[in-house]
Amino acid sequence: MSTAALLGPHAPSFAVVVVLQVIGAVAGLAPLLAVVELGRALLSPGPVDTGRVWTAVTLGAIGLFVRLVFTGASSGLGHVLDGKVQLSLRRALARSLGQAPIGWLSRRRSGELARVVGDDVAAVHPFIAHAPGELVAAFVVPLVSLVYLLTVDWRLTLITLIPVVLAIAHVPLLMTAARTREQRDFDAAMGRIATSVVEFVQGIAVVKAFGGAERAHLRFRTAADEFVDIFTRWVRGVSAVAAGMQLVLSPPFVLLVVLIGGTMRITSGDLAPVDLLPFLLLGLGLTAPVAALGHGFDDMQAAGRAVSRIREVLAVGALPQPARPACPQDNRVELRGVRFSYDGGPEVLRGVDLTLEPGTLTAVVGPSGSGKSTLGQLLPRFFDPTGGSVRLGGVDLRDIDARELYRRVSFVLQDVRLLRASVADNIALAVPHATIEQVTRAARLAHIHDRILALPDGYDTVLGEGVKLSGGEAQRIAIARALAADTPVLVMDEATAFADPRTDQAVRQTLSTLRGRTVLVIAHRLETIADADQVVLLENGAVAARGRPTDLLARDGKFAAFWRTRQEDLSR
């Protein structure tokens, strides 16, 4: 959903905010005009016209009251509207993120998405709550004031506009390509700081345990230093321009210009001294809205950039769903000529052909960057291949309804995410109506049952509320979740990486004994290969070798060389 579509339903409220602000802004000129009329009445030769004096005072008071009422109503309604728009944006972002491909989400840092949903939506506040009023004041008030001043003396009116013209001349200097680039660099630097803080806080226990605190601090310090450099460069670029704008819009400068111009007009006999008064009063009114707009310029630019980032997330479409879904005939998985690249970049997978028979365990190995994890993410349809097809039971995954697909395919990733919920609810995430017996059985198969019973409230213990699980324990909870789902196809991306060797062996034995389940394991540990019915070696996104582990070792080919290299690395 676009931003315009989100703001469209609120258009009537925006119109009301603007109309109220127009009335209040125009009424705000009444006290100033009343002072002008009082000056004329009091300084005119002869007796003072008391009726004219009281009329001016009354109209000025009424104008002030109208201004207070209408601008207050405009501001209040604007802030209420801001709350509604922010709620709409966050709901739309939640819907967009809920429908976004899992692969797209997995490639985004948590800090980046949290900033969009939190900080960027909040940054829209000036655009919604303040911009309508400030823009109206910046244009309506000077326009009405100019009309009045032109009726008094058009030449002095032009002189009074000199500070405004000088201020407006500074605006393009704030919008140069260099300033825009610095603003983008500023936002990027802020994002890097937020991400580095989130990563450091989330991994602080592991960092301390393995003595990597200095490296972790270095990443944050580097991000902070980069921010300081970028911020300093930005401030240096805009400080002179901002100072110039503040000078020409300052009351002393405006009064000086008006007094010099007025003195010239009065001494020449073209202007009555009393007629200088409206220019002294309304001249400040001409510049005040422009000054207010200038002060909000940075906020408006920040709001514009925030809206752009929000729009990028809203533009993320869900993977296309089939108009006429097909149902797989069995649990056989086939990859036919699969090719894949991220966002049109270099191909990560190049013509992969692979068959996973029901009831078998297939291990995919290969050097870093060979495309192992990408291949595993295609089976649960985190992404669609850019070439070829992935089939389940003879049906292309793109022709299977998403609910049907996830009833058949589950996955356990190395990066485990547990909810702030009870252990039982975390395990039963895919089957919310599972009985405690089903949950317990899955936990036993994942070899985490005894650890759960040792928690303060057993299966009712809420994770994240003073309860910390180790990396291996969290992975076993995720494995139990996948086992509770009881899907015929299971994808595991080194899901026991943090488990101890005994638990790792037990879990793998459990998986291998589950009849009828098609298991794909992205193997980073060579122990996994020994239990596999089939091993696939990937190199540069293509299948370099496949077969049973013992057969591949006996051939002394690429797989055997890879095996020996990994063994040598582990023995060092």
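Could you tell me whether any residue of region 3-10 is under 22 Å from PRO278 (Cβ atoms), open to solvent by 40 Å² or more (accessible area, probe 1.4 Å) and either assigned to a helix (DSSP H, G or I) or hydrophobic (A, V, I, L, M, F, W, C) (or both)?
No: zero hits.
Out of everything in region 479-495 that is farther than 13 Å from ARG517 by Cβ and open to solvent by 10 Å² or more (accessible area, probe 1.4 Å), what residue ends up being modelled with the lowest pLDDT?
Among residues in region 479-495 that are farther than 13 Å from ARG517 by Cβ and open to solvent by 10 Å² or more (accessible area, probe 1.4 Å), the one modelled with the lowest pLDDT is ASP493.
Open to solvent by less than 30 Å² (accessible area, probe 1.4 Å), farther than 27 Å from TYR342 by Cα and of a type outside the set (A, V, I, L, M): which single residue out of SER410, SER422, SER370 fits that description?
SER422
Pick out the one residue from VAL121, VAL164, VAL141 that is buried (at least 17 other Cβ atoms within 10 Å of the Cβ), modelled with pLDDT of 70 or more and closer than 30 Å to LEU314 by Cα.
Sole residue among the options that is buried (at least 17 other Cβ atoms within 10 Å of the Cβ), modelled with pLDDT of 70 or more and closer than 30 Å to LEU314 by Cα: VAL121.
Here are the criteria: (1) modelled with pLDDT under 75; (2) in a helix (DSSP H, G or I). Tell me which single one ARG108 does not satisfy.
Only one criterion in (1) modelled with pLDDT under 75; (2) in a helix (DSSP H, G or I) is unmet by ARG108, namely (2).
Working carefully through the options ALA363, ALA428, ALA454, ALA443, find the one that is crowded, with 21+ Cβ neighbours inside 10 Å and without any contact (Cβ under 8 Å) to a residue 40 or more places away in the chain.
Step by step, each of ALA363, ALA428, ALA454, ALA443 is checked, and only ALA443 is crowded, with 21+ Cβ neighbours inside 10 Å and without any contact (Cβ under 8 Å) to a residue 40 or more places away in the chain.
Please verify whether VAL416 is open to solvent by 30 Å² or more (accessible area, probe 1.4 Å), modelled with pLDDT of 80 or more, within 33 Å of the chain's Cα centre (by Cα) and of a type in the set (A, V, I, L, M, F, W, C), treating the condition exactly as stated.
So VAL416 does not fit the description; no.
How many residues, within region 266-280, are touching a Lys or Arg at 6+ places or on another chain (Cβ under 8 Å), over 13 Å from GLU37 (Cα atoms) and open to solvent by 30 Å² or more (accessible area, probe 1.4 Å)?
Summing the residues that are touching a Lys or Arg at 6+ places or on another chain (Cβ under 8 Å), over 13 Å from GLU37 (Cα atoms) and open to solvent by 30 Å² or more (accessible area, probe 1.4 Å) in region 266-280 gives 1.
Assuming LEU93 fulfils every condition listed in (1) at pLDDT below 85; (2) closer than 30 Å to ASP187 by Cα; (3) open to solvent by 50 Å² or more (accessible area, probe 1.4 Å) apart from one, which condition is it?
(3)
Give, as residue ranges, the strands (runs of 3 or more DSSP E) completely inside region 318-400 that count at least 3 residues that are more than 18 Å from VAL491 (Cα to Cα).
Passing ranges, in order: 333-341, 347-356.
Consider ASP569 carefully, then state whether it is open to solvent by 20 Å² or more (accessible area, probe 1.4 Å) and either under 30 Å from LEU469 (Cβ atoms) or at pLDDT 80 or above (or both).
yes
Does ALA41 satisfy the criteria of being open to solvent by less than 40 Å² (accessible area, probe 1.4 Å) and either at pLDDT 80 or above or in a helix (DSSP H, G or I) (or both)? Walk me through how you get there before you give the answer.
On the way: open to solvent by less than 40 Å² (accessible area, probe 1.4 Å): yes; either at pLDDT 80 or above or in a helix (DSSP H, G or I) (or both): yes.
In short, yes.
Looking only at residues in region 529-572 that are touching a residue at least 24 places away in the same chain (Cβ under 8 Å), of a type in the set (A, V, I, L, M, F, W, C) and in a strand (DSSP E or B), which one is farthest from GLY351 (Cα to Cα)?
VAL535
Being among the aromatic types (Phe, Trp, Tyr), surrounded by 15 or more Cβ atoms within 10 Å (Cβ to Cβ) and at pLDDT below 85, is that true of even one residue in region 69-78?
no
Considering only residues that are modelled with pLDDT under 70 and of a type in the set (Ser, Thr, Tyr), which ones fall in region 506-541?
THR510, SER512, THR513, THR528
The values are calculated or read from the model by the stated rules, or taken from the named source; none is laboratory data. Owing to the predicted nature of the structure, the values given are computational and were not obtained by experimental measurement. Reconstructed Cβ throughout: ideal geometry from the backbone, glycine too, with neighbour counts over all protein chains shown. Ligands, DNA and RNA are stripped out before the accessible areas are found, and what is left, the full protein with its side chains, is counted by its heavy atoms. Shrake-Rupley method; radii C 1.70, N 1.55, O 1.52, S 1.80 Å.
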